[in-house]
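The values are calculated or read from the model by the stated rules, or taken from the named source; none is laboratory data. As the structure is a prediction and not an experimental result, all values here were calculated from the model. Cβ atoms come from the backbone with ideal geometry, glycine included; neighbour counts cover every protein chain shown. Heads up: the accessible areas ignore ligands, DNA and RNA and are worked out on the full protein's heavy atoms, side chains in. Shrake-Rupley method; radii C 1.70, N 1.55, O 1.52, S 1.80 Å.
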Amino acid sequence: MTALEKATGDVVLKFEPFVLHVLCQELQDAQLLHSAAIDSGFRNSGITVGRGGKIMMAVRSTLCLEVPLSHKGKLMVSEEYIEFLIRVANRKMEEN
């Protein structure tokens, strides 16, 4: 709260989702990992094949959070709401 009170610009609480990139030797390996990721709830996962044939499997979570807290130095939310957001972000971190 002290840092927020001193802020002169915009402040945003941001939680980024889990991301894991795995370089795979074979497409079948990437497909197997992709199926496991999707079945585990990582719905934004995918496979990419680069120009040189490099096969990359990305495991991505859908959990994210981005909430403005202040604008031009003015706090736009209550301390109680910030505490709530922190609990939400911490739950998301545990799920990640």
Problem - Amide hydrogen neighbours beyond the local backbone of Ser45, cut-off 5 Å, H modeled - result: Arg60
Practice task
Report the chymotrypsin sites (Phe, Trp or Tyr not before Pro) located in region 6-68 that are in a DSSP loop and have at most 16 other Cβ atoms inside 10 Å of their Cβ, or state none.
Solution key: Phe18
Fill in the blank from the handout: Percent relative contact order for region 18-62, counting Cα pairs under 8 Å at least six residues apart, stands at 50
Problem - Karplus (6.51, -1.76, 1.60) ³J(HN,Hα), θ = phi - 60°, over region 72-88, in Hz, Gly and Pro reported as x - result: 6, x, 9, 5, 9, 9, 7, 4, 4, 5, 4, 4, 4, 4, 5, 4, 4
Practice task
Let me know the number of lysine pairs in the chain closer than 19 Å at the Cα, not counting same-chain pairs under 8 apart.
Solution key: 6
Exercise for the section: Rounded to the nearest 500, what is the 222 nm mean residue ellipticity of the chain from helices alone, with -39500 (n - 2.57) per DSSP H run of 4+ residues and division by all residues? Expected result: -11000 deg cm²/dmol
Handout entry: DSSP loop trypsin sites (Lys or Arg not before Pro) with at most 11 other Cβ within 10 Å excluded, longest remaining stretch of the chain
Key = 1-42
Practice task
Using semi-axes √(5λ) of the Cα gyration tensor in Å as the read-out, say which of (i) 39, 15, 8; (ii) 41, 20, 9; (iii) 21, 17, 15 was calculated from these coordinates.
Solution key: (i)
Problem - Accessible surface of the chain [probe 1.4 Å, protein heavy atoms]: carbon and sulfur percent - result: 54
Practice task
Please determine, in degrees from 0 to 90 and to the nearest 10, the orientation of helix 27-39 with respect to the longest principal axis defined by the Cα atoms of the chain, where the helix direction is its Cα long axis.
Solution key: 40
Practice task
Round to the nearest 0.05 the FRET efficiency obtained for Val19 and Glu83 when R0 = 25 Å and r is the Cβ-Cβ distance.
Solution key: 0.35
Problem - Whole-number percent relative contact order across the chain, with pairs defined as alpha carbons under 8 Å at least 6 apart - result: 37
